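Notes follow the structure.
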Amino acid sequence: MSSQIPDTLKYAKTHEWVKVDGDTATVGITDHAQAELTELVFVELPAVGRALQAGEACAVVESVKTASDIYSPVSGEVIEVNESLADEPGAVNNDPYNEGWFFKVRMSDSSTPDGLLCAEDYKALIGE
Amino acid sequence: MEQQLKKTSLYERHVSHGGKMVPFGGWEMPVQYSGIKDEHLAVRKHGGLFDICHMGEFKISGPAAKTFLNHLLTNNVEKLQPGDGQYSLMCLATGGVVDDLYLYCLETDVYLMIVNASRLDADWQWMQKALEAGSIQPENIRCEDLSNQLGAVAVQGPKVRSWIDSCFTAIDPGNNDSRVSQLKKNQIGAFQFENQKVWIGATGYTGEDGFEVIASNDTIPVIWDMLLAKGHVGCLQPAGLGARDTLRTEMCYPLYGHELTTETTPMEAGLGFFVDLDKGDFMGRAALLAQKEKGIQRRCVAFQMTGRSAPPRPDYPVLSGDGERIGIVTSGTSSPSLNNGIGMAYINTASAKPGQNIAIEIRGRSFPAEIVKKPIYRRA
């Protein structure tokens, strides 16, 4: 079963996706990641205002079985988080690229972030 | 050095059912198929089928078998008539637990021990040591490790008893009591399946009614397919180790490596019921008797989170209401039945009372919880 990998997004090797709009980056986890993590029961998001470095562990997702770190693919300040995930962590499983977004970052450097993959490269990374 | 993972005779079935395979106790086992919550709730409501081929089987037989087992294990083997089983523990002289296990008396002087996969080698070595140290004549006892020949599946859930008789033939068809559904809790019986003898025990690790079927590894895949086909009327579905873990945690059944280790005793784990201090000497008795008389410093308790939090996990600190560290979580998860964080923890005896407010430290923050009576889950 192959997972969805929208062409319009950028991807981190750690399985987060990024949608860049000006200096704002919206971050979530990929369809492949949610399938691997299995049904989520809890999502812990970073505090609004927190300064993040690219590659920093900043959120935690928990399935029944285990807790896993989620890393910020970009550097900058957290300006908004998806509060609805507190009540509906399953949105990450059901709609990882829309309803299941995690947080928005105002990027400290608004040029396209380094080290992110295009859809095709991410697809190759996960072996699909 | 990385050890090659072993595959059970059901491996191909797991993959074709969409099982997600993970390493467990040296084996490659399915953690889930449709999803842990789905499988957990299916077992509570209808039925689930588990691969437990990874577990070890020792056969101990001979005129000295009973005497030897009574010296090796904490529970009283004298209580077992042919066809009976009991939960028991194997302890070090310190009272620390080598393993927890099920012991069945198959017939007079013939016993079958079901042990944890991860402890099989340790158990065998400890058993050999006990044999060498004892005064039993070698010709009076025979210990066999049948783990490579035998496999097992567990079929668990409230509907199972209603259809299980359609699956196995009685060895003595004239006798009404020789149906699988006539087995009472902890009893074991021999049945026929396609001209092979299989052993079926009325036990499990889920808190639901059900059976464990022990058969040769060659027969196990055929039994698996047959159970899924016949169990269709009772909505039977495959269930993985993930659901097995959440089911047993809700029931507060210990898991070796979590509630039980060589550093913890049955008394501390709350398993004193399975330790017969009056049956005569056995390995660990002096230490366990001393604990019974002098009391224990820590106790394994069950707890439930009282507000919204991430699920508790093993090794998270347990705090008192005043924020003082009083223990450590050994098992923790999100309960699919209760939709809440639950777990077990070792905490200082003084604080180990049901109703006590405690807190669990999760990633540096403290979240309120309450010590609750075992089991955490009770059928409504």
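Derivation of every value follows stated rules applied to the coordinates shown; laboratory data play no part. Here the structure is a predicted model, which means the values were calculated and not measured. Using ideal geometry, Cβ is built from the backbone for each residue, glycine included, and neighbour counts are taken over all protein chains shown.
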Mean-square fluctuation check for chain B, GNM, Cα pairs under 10 Å: which of B:SER166, B:SER16, B:SER309 is largest? B:SER16
Quick one: check the C-alpha center-to-center distance for region B:131-153 versus region B:195-271, whole angstrom. 23 Å
Going residue by residue through region B:363-376, the Karplus relation 6.51 cos²θ - 1.76 cosθ + 1.60 with θ = phi - 60° gives ³J(HN,Hα) values, rounded to whole Hz and with x marking Gly or Pro, of 6, x, 10, 9, 10, x, 8, 9, 6, 10, 5, 8, x, 6
For region B:159-245, state which GluC sites (Glu not before Pro) are in a DSSP loop and have at most 15 other beta carbons lying within 10 Å of their beta carbon. B:GLU194
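Using a Förster distance of 35 angstrom, determine the FRET efficiency expected from the C-beta separation of B:ARG325 and B:ASP121, and round it to 0.05.
On the way: r = 35 Å, r/R0 = 0.99.
For B:ARG325 and B:ASP121, the calculated efficiency is 0.50.
If the only charges are +1 at each Lys and Arg Cβ and -1 at each Asp and Glu Cβ, what is the size of the charge dipole of region B:297-380 around the Cα centre, to the nearest 20 debye?
The calculation lands at about 300 debye.
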Pull out a ≥ b ≥ c, the square roots of the eigenvalues of the alpha-carbon gyration tensor of region B:297-380, then state rounded if a/c is under 1.5, prolate if not and a/b is larger than b/c, and oblate in the remaining case. oblate
Can you sort B:ASP276, B:ASP172 so the residue with the fewest Cβ neighbours within 10 Å comes first? B:ASP172, B:ASP276
Using only Cα atoms, what Kirkwood radius does the protein assembly as shown have, in angstroms? 25.0 Å
From the phi of every residue in region A:7-23, what ³J(HN,Hα) in whole Hz does the Karplus formula 6.51 cos²θ - 1.76 cosθ + 1.60 yield, where θ is phi - 60° and glycine or proline is x? 5, 7, 10, 9, 10, 8, 5, 8, 6, 9, 10, 9, 10, 9, 9, x, 9
GNM of chain B, Cα pairs under 10 angstrom: of B:THR306, B:THR203, B:THR74, the biggest fluctuation goes to B:THR306
Counting pairs on different chains as well as pairs 8 or more places apart, how many Lys pairs in chain A have Cα atoms under 19 Å apart? 7
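Show me the three semi-axes of the equivalent ellipsoid for region A:23-107, from the C-alpha gyration tensor (sqrt of 5 times each eigenvalue), largest first, rounded to whole Å.
20, 12, 11
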Given an 8 Å cut-off on Cα distances and at least 6 residues of separation, report the relative contact order of chain B as a percent. 18 percent
Please list, in chain and number order, the residues 5+ apart from A:VAL64 or on another chain whose amide H is under 5 Å from its amide H, with Hs placed from the backbone. A:VAL41
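Normalising by the residue count of region A:14-120, find the relative contact order in percent from Cα pairs under 8 Å and 6+ residues apart.
32 percent
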Given the Cα-Cα distance of A:THR24 and A:ARG106 and 0.36 nm per residue of separation, how much length would full extension add, in nm? 29.1 nm
Cross-link partners among lysines for B:LYS59, C-alpha distance below 26 Å, same-chain residues fewer than 8 apart left out? B:LYS6, B:LYS7, B:LYS79, B:LYS129, B:LYS184, B:LYS185, B:LYS197, B:LYS279
Kindly give Rg over Rh for region B:46-88, based on alpha-carbon atoms, with the Kirkwood expression for the hydrodynamic radius. 1.08
Counting sequence-distant residues (5 or more places) and residues on other chains, those with an amide H built under 5 Å from that of B:THR264 are B:VAL97
Sorted by chain and number, the residues with a modelled amide H under 5 Å from that of B:VAL329, at a separation of 5 or more or across chains, are B:ASP315, B:TYR316, B:VAL318
For chain B, take N as its residue count and report Rg(C-alpha) divided by 2.2 N^0.38 Å. 1.00
Given the options B:GLN297, B:GLN86, B:GLN187, which has the most mean-square fluctuation in a GNM of chain B, springs set between C-alpha atoms less than 10 angstrom apart? B:GLN297
So, over other residues within a Cβ distance under 15 Å of B:GLY96, counting Lys, Arg +1 and Asp, Glu -1, the net charge is -2
Averaged over residues of A:34-47, the number of beta carbons from other chains lying within 10 Å of each residue's Cβ is 3
With a Förster distance of 51 angstrom and the Cβ-Cβ distance between B:ASN357 and B:VAL15, calculated FRET efficiency to the nearest 0.05 equals 0.65
Could you give the dipole magnitude of region A:23-107 about its Cα centre, charging the beta-carbon of Lys and Arg +1 and that of Asp and Glu -1, in debye to the nearest 20? 260 debye
Counting other Cβ atoms within 10 Å, keep those with at most 12, restrict to DSSP loop, and tell me which GluC sites (Glu not before Pro) in region B:255-293 are left. B:GLU263
Please turn the phi angles of region B:79-84 into ³J(HN,Hα) values with the Karplus equation 6.51 cos²θ - 1.76 cosθ + 1.60 (θ = phi - 60°), one per residue in order, whole Hz, x for glycine and proline. 6, 8, 8, x, x, 9
Counting other chain Cβ atoms within 10 Å of each Cβ in A:58-66 and taking the mean gives 6
Which percent, nearest 5, of DSSP beta bridges in the protein assembly as shown are antiparallel? 95 percent
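With charges only on Cβ, +1 for K and R and -1 for D and E, what is the dipole size of chain B about its Cα centre, in debye, rounded to 20? Could the numbers behind the result be given before it?
Details: 38 positive and 42 negative charges, 272 e Å.
Here the size comes out at about 1300 debye.
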